[in-house]
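Below: the structure, in structure tokens.
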Amino acid sequence: MFLLVAVPVPTLDLLTYSVPDGVEVPPIGARVVVPVGARQLTGVVVDHTARSEAAGGKAIKPIRQALDAGPFVPAEVIGLARWTAEHYAAGAGETITAVLPPKTRNARADAHKTRRVAAITAAGLAVRGERLGATPDVHHGLLAIGATMTEKQREVLDRLAGAPAGVPVPELTARGGADTIARLVRNGWLTVRREQVDRDPFEGALVASEPIDLNREPTREQASAVARLTALAGRREFHVALLHGVTGSGKTEIYLQAAATVRASGRSVLMMVPEIALTPVLAALCRQRFGDRVAIQHSGLSDGERHDQWQRIRRGAVDVVVGTRSAVFAPLDRVGLIVVDEEHDASYKQEDSPRYHGRDVAIVRGHRAKALVVLGSATPSLESYHHAMTGKYERITIERRVLDRPMAAVTIVDMRDEYAEAGPDTVLSRALAAAIDVRLTRREQSLLLLNRRGFATSVFCRQCAGTVECPNCSVSLVVHGDGASRRARCHYCNYTARVPPACPLCAAPYLEQAGFGTERVEAEVKRAYPAARVARMDRDAVRRKGALSALLSRFRDGDIDVLVGTQMIAKGHDFPRVTLVGVISADVGLGMADFRAAERTFQLLTQVAGRAGRGERPGEAVIQTLYPDHYSIQLACRQDYPAFYDRELRFRTAMRYPPIVCLVNIVVRGRTFGAAMDDAAGLAERVRRAGADGAFRVLGPAPAPLGKLRGEYRAQFLIKGVNRKRMRDAVRTALALSPDLARRTTVDIDPISVL
Ligand code: ADP
Ligand code: ZN
């Protein structure tokens with residue numbers, strides 16, 4: 001009897017070991033310490049085998065130690081991991097890494113975490129005008145200073161006055177800035193101390209959402225969806241239901257009610273969302289309903305938190321898990337329901353090996369566990385809707401918003417007219433500017449979407465027409481900041497440089513900035529509405545831990561009038577006070593040479609328009625574009641998903657793209673462009689020969705759209721066919737001949753993008 005062991009080292013495949021005499025054979029899922037070269041590593045047993053040739057003729061070494069008598073990772077999850085490795089042509093090492101909690105013996109994970117907390121002092125309270133009687137002396141001396149207090153200082157003190165135990169410093173700096181805090185400390189109005197933090201990721205979650213009325217009446221459509229899902233779950237068989245409900249139709253409530261029934265029947269629930277930022281609200285709702293047998297799993301937690309949550313799930317202390325794609329591997333037992341919310345979202349796809357799709361692995365897990373899988377979306381992926389139309393999935397449709405709230409009224413603005421009127425540098429059209437104005441007067445909130453970060457998207461030379469490019473990647477550098485803080489940065493490798501004073505190619509001093517991103521929109525809005533409270537939400541603005549949740553809660557509390565952001569603002573959030581959504585440019589995604597460009601655009605526009613009018617007041621959306629007649633824009637404006645599906649499916653059928661065929665994307669990297677192309681051509685030829693009977697087709701190789709990345713050149717080819725296994729096996733066989741080439745090759749099965 002031999003053991004097949006996966007060790008969490010990305011480059012290592014399954015290793016074979018023997019079990020010394022007298023040692024009980026560790027079961028599948030148990031941890032074992034094994035010798036790997038000169039090292040001792042902790043791995044997981046994924047299989048037992050009677051045959052020894054798996055070791056390839058080398059002498060088989062015995063394991064050093066068995067750490068568990070039972071499975072540490074449930075056998076079901078091990079099986080799922082093996083399926084994932086196989087399906088996505090990934091290695092055992094990288095797949096087991098995705099499944100295990102962060103390093104068990106990581107010192108950092110066990111060390112106590114601390115954070116800085118600020119609290120208001122008696123003097124601070126006096127300055128605010130409170131406790132006048134209690135501290136008359138202080139009060140007299142400070143009144144004059146109180147009168148000259150800045151708006152920001154007052155805001156910070158106001159926040160602290162309501163929190164005698166103090167408030168974490170990052171939350172305050174998000175309001176007032178670090179120098180405001182420093183000033184307040186110098187004045188003696190607040191103190192800052194360090195305190196130990198509990199590794200409970202729910203801390204932030206509970207303040208993020210107000211409790212909802214548990215007794216509110218479900219709408220008729222909600223009730224019938226719940227009834228149907230409950231009936232399906234009750235069969236204890238594998239089923240996939242596509243819950244296609246317009247934005248604001250109350251899908252969350254449906255998930256929660258279905259989850260309640262499944263829990264009551266003694267089974268557990270896995271709820272997946274595409275973004276970390278969406279977990280706190282959903283987790284808080286689950287806690288409100290189900291008490292503390294709820295855990296969170298996502299990569300934004302600290303190692304310690306993640307580890308603690310993982311162990312709770314494994315111990316069976318939990319029967320609801322809320323998380324992002326990696327939660328699909330949660331060590332949860334007796335799964336009866338898996339919810340994949342916003343199933344169309346590209347974030348479910350992991351962009352490093354194993355390049356798995358969280359939704360697709362969830363379906364496989366549901367199949368193995370005989371569970372009900374619910375895919376929810378207002379804009380389903382073409383794949384899922386296709387399965388629903390062909391009867392593979394059951395479709396449940398919700399056509400109305402809760403309480404019959406109207407969908408947002410959408411206006412399309414042709415930016416060619418605006419450019420003719422106000423010049424080609426226009427950011428806000430007249431219609432959008434007027435609509436923002438109305439919101440500011442009515443004290444309602446606006447969201448402005450631009451799916452492009454930075455201030456200017458490129459710097460180009462008016463003499464030679466060259467652009468300033470990244471030295472490592474074939475893209476232009478993006479300008480961040482304005483004035484003195486201006487820098488040029490690569491969005492792929494993070495290379496950063498000063499914006500040069502003259503053209504690096506022809507030395508002419510005629511450099512100009514072109515294109516604009518979220519930073520520029522933020523600046524324009526601030527300039528146009530000096531009294532408005534404007535903030536920005538994009539990857540740059542939320543880099544610091546805690547910044548995103550601080551921003552979200554400020555917006556939710558009504559402390560921001562206009563929020564400018566990338567697609568982050570379009571996702572799944574429920575902000576009842578938003579009545580206007582402006583899309584600064586609907587065209588950002590349309591120009592991309594990707595077969596999903598139209599689908600992505602339709603989804604993004606429909607989703608972002610769906611953020612408006614979710615409360616009592618009706619919403620409006622203004623979409624700025626240079627292609628007002630494009631079908632993805634027209635149909636998003638009418639919120640007509642079925643028409644979009646028909647139109648897009650015709651395109652995919654004609655061009656032979658998913659969901660009509662399966663796709664595999666192969667990228668070969670090389671030190672020179674020629675080397676990459678030669679290697680790709682050789683590999684493509686071998687794969688092509690394996691499919692000579694017509695089982696699949698190979699297109700390419702060609703230079704990848706991103707021809708150079710982080711200093712490496714990239715060549716690409718695509719495989720299209722209907723038999724995914726044959727396609728994958730052909731690639732694996734071809735790569736097995738050349739381990740060196742395999743290391744420079746990326747194999748992406750069911751790619752979400754071919755850029
Ligand atoms: P979706 O995910 O379908 O876009 P949500 O689940 O976010 O929609 O629900 C939209 C809003 O409607 C939320 O604020 C939610 O609390 C509220 N809601 C859901 N169901 C009901 C109901 N039956 N009655 C009143 N409000 C509801
Ligand atoms: Zn770069």
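The residue among V281, G376, T672 whose Cα reaches farthest toward the positive pole of the charge dipole of the chain, with charges on the beta-carbon of Lys, Arg, Asp and Glu, is T672.
Averaged over its residues, the chain has an accessible area of 44 Å² per residue, based on protein heavy atoms and a 1.4 Å probe.
Can you give the log10 of the normalised intensity I(q)/I(0) at q = 0.05, 0.06 Å⁻¹, computed with Debye over equal Cα scatterers of the chain? Calculated log10 I(q)/I(0) at the listed q: -0.29, -0.42. For the chain, C286, C493, C637, C662 stand unpaired, since no other cysteine beta carbon lies under 4.7 Å from theirs. Taking the stretch 220-404, how much of its Cα-Cα pair set, in percent, is spaced more than 31 angstrom apart? Percent of Cα pairs beyond 31 Å in the stretch 220-404: 9. The mean sequence separation of alpha-carbon pairs under 8 Å and at least six residues apart, normalised by the residue count of the stretch 220-404, gives a relative contact order of 36 percent. Annotation for H367 and V25: the two label points, set 7 Å from Cα along the Cα-Cβ direction, are 2.8 nm apart. By a straight-distance test (C-alpha under 16 Å), which aspartates and glutamates pair with K526 as possible cross-link partners, with residues fewer than eight away in the same chain excluded? Excluding near neighbours in sequence, the set is D437, D482, D559, D561.
With N counted as the residues of the stretch 2-100, its alpha-carbon radius of gyration over 2.2 N^0.38 Å works out to 0.98. For the pair A465 and R293, the difference between a 0.36 nm per residue extended length and the Cα-Cα distance amounts to 55.8 nm.
For the chain, a crude dipole built from +1 on the beta carbon of Lys and Arg and -1 on the beta carbon of Asp and Glu, taken about the Cα centre, is about 1200 debye to the nearest 20.
Residues within the reach of a label modelled at R115 (point 7 angstrom out along Cα to beta-carbon, backbone nitrogen below 13 Å), restricted to the stretch 293-308, are 301-302, 305. Taking each residue as 0.36 nm, the span from S302 to A736 lengthens on full extension beyond its C-alpha to C-alpha distance by 152.5 nm. What is the distance in Å between the Cα centroid of the stretch 657-686 and that of the stretch 505-564? Spelled out, the Cα-based centre of one part sits 39 Å from the other.
If R0 equals 41 Å, the separation of the Cβ atoms of R395 and A434 corresponds to a calculated FRET efficiency of about 0.55. Measuring from centroid to centroid over Cα atoms, what is the spacing of the stretch 425-444 and the stretch 42-102 in Å? A separation of 58 Å, based on Cα centres. Dipole check for the stretch 662-749: with +1 at the C-beta of Lys and Arg, -1 at the C-beta of Asp and Glu, and the Cα centre as origin, the magnitude is about 220 Debye. So the label point goes 7 Å from the Cα of R527 along Cα→C-beta, right? Which residues of the stretch 409-430 then have their backbone N under 11 Å from it? Correct set: 425-428. The charge dipole of the stretch 521-560, taken about the Cα centre with unit charges on the Cβ atoms of Lys, Arg (+1) and Asp, Glu (-1), comes to about 160 debye, rounded to the nearest 20. For the stretch 2-100, with all protein chains in place and a probe radius of 1.4 Å, 55% of the accessible heavy-atom surface sits on carbon or sulfur. The lysines whose alpha-carbon is closer than 30 Å to the alpha-carbon of K61, local same-chain residues fewer than 8 away aside, are K103.
Give me the percent of accessible area attributable to carbon and sulfur for the stretch 662-749, probe 1.4 angstrom. Ligands and nucleic acids excluded, carbon and sulfur give 53 percent. Accessible surface of Y631, taken over heavy atoms with a 1.4 Å probe and every protein chain present, rounds to 40 Å².
Which of A704, L663, A690 sits farthest toward the positive end of the charge dipole of the stretch 662-749, with +1 on the Cβ of Lys and Arg and -1 on the Cβ of Asp and Glu? Towards the positive end, the residue furthest out is L663.
Take the Cβ atoms of R697 and A231, set R0 to 25 Å, and the FRET efficiency comes out at 0.05. The stretch 587-634 and the stretch 277-292 have Cα centres spaced 30 Å apart. With the charge dipole of the stretch 220-404 set up from +1 on Lys and Arg Cβ and -1 on Asp and Glu Cβ about the Cα centre, the Cα lying farthest toward the positive end among the listed residues I296, V269, V246 is that of V269.
For the chain, the relative contact order is 10 percent, taking Cα pairs closer than 8 Å that sit 6 or more residues apart in sequence and dividing their mean separation by the residue count. Taking a ≥ b ≥ c as the square roots of the eigenvalues of the Cα gyration tensor, the stretch 626-734 is classed as oblate, since a/c reaches at least 1.5 and a/b does not exceed b/c.
Inter-label distance, R194 to D352: 3.0 nm, where each label sits 7 Å from its Cα along the C-beta direction.
Taking R0 as 41 Å, what's the FRET efficiency between L403 and A182 from their Cβ-Cβ distance, rounded to 0.05? The calculated FRET efficiency here is 0.30. A simple spin-label model places the labels of D678 and V499 4.2 nm from each other, with each point 7 Å out along Cα-to-Cβ. The lysines within cross-link reach of K725, meaning a Cα-to-Cα straight distance under 25 Å and a gap of 8 or more places when in the same chain, are K349, K370, K392. For the stretch 414-543, the share of accessible area belonging to carbon and sulfur comes to 49 percent (1.4 Å probe, ligands and nucleic acids excluded).
The values are calculated or read from the model by the stated rules, or taken from the named source; none is laboratory data. Note that the structure is a prediction, hence the values are computed from the model and not measured. For neighbour counting, all protein chains shown are included, and Cβ atoms are generated from backbone atoms with ideal geometry for every residue, glycine included. Heads up: the accessible areas ignore ligands, DNA and RNA and are worked out on the full protein's heavy atoms, side chains in. Shrake-Rupley method; radii C 1.70, N 1.55, O 1.52, S 1.80 Å.
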